[in-house]
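The next block holds one structure in the form of structure tokens; read it before the comments.
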Amino acid sequence: MAEEMLTEHFSLDGFVASDTAAMMGIDNTPPDDKKACLQILAETMELVRTILEDKPIVITSGYRCYDLNVACGGASDSAHLQGLACDFVCPEFGTPLDICATLEPYMDVLAIDQLIWEYEGWVHLGLCAGDPRNQALTINESGTSEGFA
């Protein structure tokens, strides 16, 4: 069966695949309302890819059903649960910090709710259904702080 593409560069599978779900036997198939949110997320990620000089983006975590979110230790109000967030890297562009610094000026135009540099290893990009907060945050072993430090 052909892979279901949401946009030119992003597939549904890319946003729902999870090693944790596979290992734990969790069905991470999104319902239709979450697929609609994933479509919006994929369209935003196409714009992100353009800003990142059209370099390939690797989604490391996207949609999470409730059970998967619990298994991953995700926040109970995580945008991943709605299909409105993804964690990613773009090695051909630069480090996750480089990515955050590049995207920060575009947060308003991209309607980003949260752009988070997480544990120096990846970028979390979250959207929301309402007005975006345009939060630029760092999360590491010391906790959460504003900005990228």
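Quick note: the coordinates plus some simple rules give every number you see, no bench work behind them. These figures come from a predicted structure and were not determined experimentally. Heads up, the Cβs are rebuilt from the backbone with ideal geometry, glycines too, and the neighbour counts pull from every protein chain shown.
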- Message: One residue is enough: does the stretch 98-109 have a residue meeting the conditions assigned to a strand (DSSP E or B), buried (at least 16 other Cβ atoms within 10 Å of the Cβ) and among the hydroxyl-bearing types (Ser, Thr, Tyr)?
- Response: no
- Here the qualifying pairs (Cβ atoms under 9 Å; residues six or more apart or on different chains; first in the stretch 64-92 and among the β-branched types (Val, Ile, Thr); second not in a loop (DSSP other than H, G, I, E, B)) come out as Val89/Val58; Val89/Ile59; Val89/Thr60; Val89/Pro96; Val89/Ile99; Val89/Trp122; Val89/Val123
